[in-house]
Amino acid sequence: MEAKHNKSTEAFKISGDWSKQADELKSKFPTLTDADLKFERGKEEDLIKRIEMRIHKKREEVINIIKKGQPASV
């Protein structure tokens, strides 16, 4: 009866210019390093986990922070 829709397991994809987004994240969260923000296509989950640990935020919060820096979909 209960439909389990767990946002924490949804795949997340990076769009737009990641280097620009990474620079913005570093300015907002100075504890982030280049290594934390290293992005490889298909390894978004690894990136999110590194950011989660460094800034002490939950996955959903990290995704929301990243989405704010992404270009709007048309």
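The values are calculated or read from the model by the stated rules, or taken from the named source; none is laboratory data. No experiment lies behind these values; they were computed from the predicted model shown. Glycine gets a Cβ as well: all are built from the backbone with ideal geometry, and neighbour counts include every protein chain shown.
Some notes on this structure:
- Members of the stretch 2-26 that are modelled with pLDDT under 85, assigned to a helix (DSSP H, G or I) and polar (S, T, N, Q): Ser8, Thr9
- Each residue in the stretch 27-73 was checked for being among the aliphatic types (A, V, I, L, M) and in a helix (DSSP H, G or I), and 9 pass.
- For the stretch 24-72, the candidate set comprises residues that are without any contact (Cβ under 8 Å) to a residue 40 or more places away in the chain and small (Gly, Ala, Ser); within that set, the residue that is farthest from Lys13 (Cα to Cα) is Ser27.
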